[in-house]
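What follows is a short report on a single structure.
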Amino acid sequence: MSDRYLNFVNSGVGGWVAGALGLPRPAPLQRRAEAGAGIVGPCLLGGSGDGPMAAVLAGLMEASGHGLHAEWSPDARYGALVFDASDCARVQAAKGLYGFFHQAVRSVAEHGRIVVIGTPPELMADAEGEAVQRGLEGVVRSLAKEVRRNIGVHMLYVAPGAEAAAESTLAFLLSPRSAYVSGQSIRVAAPVETGEPGAGHTGRKVLVTGASRGIGEAITCLFASEGAQVTALDVAATADGLCALSEELGVDSLALDITASDAAATLLADARKRGGYDVVIHNAGITRDRTVARMEPAEWDSVMAVNLSAPLAITQTLIEGGGMRRNGRIVAVSSLSGVAGNMGQTNYALSKAAWIGAVRRLASQSASSGLTVNAVAPGFIETRMTAAIPFAIREAGRRMNSMGQGGSPVDVAETIAWLAHPASGGVNGQVVRVCGQSLLGA
Ligand SMILES: NC(=O)c1ccc[n+]([C@@H]2O[C@H](COP(=O)([O-])OP(=O)(O)OC[C@H]3O[C@@H](n4cnc5c(N)ncnc54)[C@H](O)[C@@H]3O)[C@@H](O)[C@H]2O)c1
């Protein structure tokens, strides 16, 4: 669905009207389609510039033909600011962030990126160290609200020894692929399996549920465009959409209701036929919104069945039945409603918040095989699901975030593609919001 306000204020007349009336003027995001998939630059690096992450950053910048600078220049425009605070253990030392950002924050280009690198707080030697490292998240979330101009700001906690494994995450955060992700705190630990540095999704066996339209269609398109062998699953009623996708992208289609009693067994058989899935994306989902006092039992049950019971059962069956290959990836599509709750969504919010618990447990249970289990929590994404929301609530959902607009299905797909990447094995059991730093549940 198109965002008429965004289009209007970015037109000649609309821009003038908005300026005269003092209305907010969100600018269109620059995604891969507009700005390519590579990382932004040049980069200004502050903090402990000779730490192990500096070498990873230098490699990324060099590979992209961007400069990496240690000295701020008042005349320069930077695509990225990175502050390495990983050795910051004292309140006094944290003032280094103030000095760096006080000087440099106005030098970040529109659509640029800011990343603060830290050490997982619980690994610090004492309470002050843990407090300061945890406190960095406050800096990041506040900066993300201050800078606006479509600049994404992130906290990246890297465990000692996991620096090389953090490359795929740093590359994602510093690229247009993360256009609608901001204010997130992401952890990277040493992975069980190290993916090939240059490996991508080519040839990987990927299952996408709810694939015929909306976010599922965008996920299918993105993985297919990166050379993955995708199985696009949806209910039989969507056969036309599935057929069109299959013809256009050359993906395999599978008409299956994931709540059918034999769905998990059918998928395990399909996985075995293919030598196992590398990636499973639980995207299929439904809403049956009504306040709890008015909700019918069937509305509660159907949401639980599609959003939670079925994908949980499929996950268990695939893991226990050998349906996932080594270094596999499972990504569930949760929701901001699961993080913050939402009026009329007790059923939906339970099913989506449940995935926050599920990924934590599944991640720790399956880590020895290199399998990672993560979730994305989209905020307001422009799809049929959100087009059905009443106008006033829809407008509030769209604007109440640091980007001043709704996201696109491709923003969710890009985030899933990063989590599912063979080199992202250090990211496990996490929930990453794709919400333009929504004010809800922040
Ligand atoms: N659009 C948003 O703003 C938003 C925000 C947060 C989370 N989400 C989540 O993202 C996912 C995709 O949402 P969307 O907006 O693209 O929705 P959508 O309604 O456009 O697509 C959902 C797809 O799931 C399929 N599906 C439903 N029940 C199924 C079943 N039993 N078996 C197989 N497939 C089934 C549908 O046929 C449909 O193709 C959902 O899990 C949704 O909860 C969406």
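The values are calculated or read from the model by the stated rules, or taken from the named source; none is laboratory data. These numbers come from a predicted model, not from an experiment. Positions of Cβ are generated from backbone atoms using ideal geometry, with glycine treated the same way; all protein chains shown enter the neighbour counts. Just the protein is used for accessible areas: all its heavy atoms, side chains included, with ligands, DNA and RNA removed. Shrake-Rupley method; radii C 1.70, N 1.55, O 1.52, S 1.80 Å.
Expected output is a single nm value to one decimal: the length gained when fully extending between SER302 and PHE8, i.e. 0.36 nm times separation in residues minus the C-alpha distance. What is it? Before the final figure, lay out each step's value.
Details: separation 294, 0.36 × 294 = 105.84 nm, distance 3.94 nm.
Difference between extended and current length: 101.9 nm.
Using a cutoff of 8 angstrom between alpha carbon atoms and counting only pairs six or more residues apart, the relative contact order for the chain works out to 15 percent.
Taking a ≥ b ≥ c as the square roots of the eigenvalues of the alpha carbon gyration tensor, segment 287-411 is oblate, as a/c is not under 1.5 and a/b does not beat b/c.
In this simple spin-label model, placing a label point 7 Å from the Cα along the Cα-to-Cβ direction at both LEU249 and GLU193 gives a separation of 2.2 nm. Once you reduce segment 54-96 and segment 343-397 to the center of their Cα atoms, the two points are 33 Å from each other. In this structure, the amide hydrogen of ILE381, modeled 1.01 Å from its nitrogen in the peptide plane, lies closer than 5 angstrom to those of GLY407, counting only residues at least 5 positions away or on a different chain.
Summing charges over all other residues whose Cβ lies under 15 Å from the Cβ of GLY338, with Lys and Arg as +1 and Asp and Glu as -1, gives +2. Dipole check for segment 243-345: with +1 at the C-beta of Lys and Arg, -1 at the C-beta of Asp and Glu, and the Cα centre as origin, the magnitude is about 380 Debye. What segment 216-294 shows is 47 Å² of accessible area per residue, with the surface traced by a 1.4 Å probe over protein heavy atoms.
Quick check for me: using +1 on Lys/Arg Cβ and -1 on Asp/Glu Cβ, what's the dipole size of segment 330-425 about its Cα centre, in debye to the nearest 20?
On the way: 7 positive and 4 negative charges, 45 e Å.
Around 220 debye, computed over segment 330-425.
Quick check: net charge around ASP84, other residues with Cβ under 11 Å of its Cβ, Lys/Arg +1 and Asp/Glu -1?
On the way: positive: none; negative: ASP50, ASP87, GLU163.
After counting each charged neighbour, the total is -3.
For the chain, what does the helix formula give at 222 nm: sum of -39500 (n - 2.57) over DSSP H segments with n ≥ 4, over the residue count, nearest 500 deg cm²/dmol? Helix-only estimate at 222 nm: -11500 deg cm²/dmol. For HIS282, nonlocal amide neighbours, meaning residues 5 or more places apart or on other chains whose placed amide H falls under 5 Å from its own, are VAL331, ALA332, VAL333.
If you take every residue apart from THR315 with its C-beta less than 15 Å away from the C-beta of THR315, what net charge results, scoring Lys and Arg +1 and Asp and Glu -1?
Numbers: positive: ARG325, ARG329, ARG360, ARG361; negative: ASP270, ASP278, GLU320.
Neighbourhood net charge equals +1.
Taking amide H as placed 1.01 Å from N in the peptide plane, GLN430 has its amide H under 5 Å from the amide H of ALA375, each at least 5 places away in sequence or on another chain.
Taking each pair of distinct Cα atoms in segment 31-188 once, what is the resulting Kirkwood hydrodynamic radius in Å? Can you show the working numbers first?
Working: mean 1/r = 0.0652 Å⁻¹.
Evaluated over segment 31-188, this radius sits at 15.3 Å.
Between ALA37 and ALA293, the simple label model (points 7 Å from Cα in the Cβ direction) yields a spacing of 5.1 nm.
With a Förster radius of 45 Å, plug the Cβ-Cβ distance of ILE393 and GLU71 into 1/(1 + (r/R0)^6) and report the FRET value to the nearest 0.05. List each step's numbers first, then the result.
Working: r = 49 Å, r/R0 = 1.08.
Plugging the Cβ-Cβ distance into 1/(1 + (r/R0)^6) gives 0.40.
Rolling a 1.4 Å probe over the heavy atoms of the protein chains gives segment 391-442 an accessible area of 26 Å² per residue. In terms of the mean number of neighbouring beta-carbon atoms within 10 Å, the peptides 325-332, 253-260 order highest first as 325-332, 253-260. Using the alpha carbons alone, the radius of gyration of segment 24-115 stands to its Kirkwood radius in an Rg to Rh ratio of 1.00. Express the C-alpha Rg of the chain as a ratio against the empirical globular expectation 2.2 N^0.38 Å, rounded to two decimals. Relative to the rule-of-thumb radius for its length, the chain sits at 0.97. Projected label points at ALA109 and ARG148, each 7 Å from Cα along the beta carbon direction, are separated by 2.2 nanometres.
As a fraction of the 1.4 Å probe accessible area of the chain, surface on carbon and sulfur atoms comes out at 55 percent.
Taking only the C-alpha atoms of segment 205-434, Rg followed by Dmax gives 16.7, 49 Å.
Using the Cα centre as the reference, give the magnitude of the dipole from point charges on the C-beta atoms of segment 31-188 (Lys, Arg: +1; Asp, Glu: -1; all else neutral), rounded to the nearest 20 debye. If you can, show how the numbers build up before the last one.
Details: 14 positive and 16 negative charges, 148 e Å.
In total the dipole reaches around 700 debye.
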